Amino acid sequence: MASVDGTGASVSGRLRSGDLLHAGLAVALLLGVWHVGGLEVTTGKVSMTEAINGSTVLLPCSYMSCIGIRNLYFRWEYNDNGTLLKYCQAEIPMAGVEPKVEIFHSRVEFVGSSRGNISILLKNITFEDAGDYICFARNQKEKNRNHSATFTLKVVDQLKEVDNTLTVIIVSVLGGVIGLVIIVMVIKALVVHFLLKDDEKNKECLVSSSGNDNTENGLSGAKADNKGTPKA
């Protein structure tokens, strides 16, 4: 028979409730860790580039999983007005194993590695190659958790020249202000120097004139005293 406390609640029932609560918290914590450390795919901080018609462009992509990988499948696709065209695909059995990549486009070259890099090169691009490229990955170790990222390519005749006029103006103005401040400080230092020099000369003149006055006064007094002494 279950014991009952002063409130009438079953002690064993409370214990079971506490166990369920702890178990729920543990499951939530594990799910949170799994979510944070799960598979992530990225095409870099800037997921867009402009390239000149006829050039070769890098389509960057990398994956990361704190849990690790097993039979990680990845592919590159091009979004042709809603139709996804597969460019390449491969499966990585485990970390450190180089993938055997299947290429489905004549101008595509895989340049990734076994360290999470699954980038490709697109050679001799044309204006028709402009658009969105999707990098997709799926990790069997995480119950086929998958993630994807999009990289946008713009094809142009020539790259735009960056107008540095404003930068040149700002640098010129700042340089002029700094130069003016330096000139003012130099002039101020020279003025202070000459003023101090003149002040020292004035002090020397005052001291000299004061000494001369005292000497003349002393000599006159001596002569007067000698003349005033009566002879015996």
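What are the residues in segment 144-168 that are within 26 Å of the chain's Cα centre (by Cα) and more than 29 Å from Arg75 (Cα to Cα), if any?
Initially, segment 144-168 is screened for residues within 26 Å of the chain's Cα centre (by Cα), giving 147-154, 159-168.
Of everything in segment 144-168, those that are within 26 Å of the chain's Cα centre (by Cα) and more than 29 Å from Arg75 (Cα to Cα) turn out to be Leu159, Lys160, Glu161, Val162, Asp163, Asn164, Thr165, Leu166, Thr167, Val168.
So, in segment 47-85, how many residues would count as being under 13 Å from Lys154 (Cα atoms) and within 21 Å of the chain's Cα centre (by Cα)?
3
Please enumerate the residues belonging to segment 121-143 that are outside any loop (DSSP other than H, G, I, E, B) and under 17 Å from Leu72 (Cα atoms).
Ile134, Cys135, Phe136, Ala137, Arg138, Asn139, Gln140, Lys141, Glu142
Based on what the data block shows, is Ala149 modelled with pLDDT of 95 or more, assigned by TED's automatic domain parsing to the domain that holds Asn53 and touching a Leu at 6+ places or on another chain (Cβ under 7 Å)?
Numbers: modelled with pLDDT of 95 or more: yes; assigned by TED's automatic domain parsing to the domain that holds Asn53: yes; touching a Leu at 6+ places or on another chain (Cβ under 7 Å): no.
It is false that Ala149 is modelled with pLDDT of 95 or more, assigned by TED's automatic domain parsing to the domain that holds Asn53 and touching a Leu at 6+ places or on another chain (Cβ under 7 Å).
The values are calculated or read from the model by the stated rules, or taken from the named source; none is laboratory data. Since the structure is predicted, the reported quantities are computational estimates derived from the model, not experimental observations. Because the Cβ atoms are built from the backbone with ideal geometry, glycine has one as well, and the counts that use them run over all protein chains shown.
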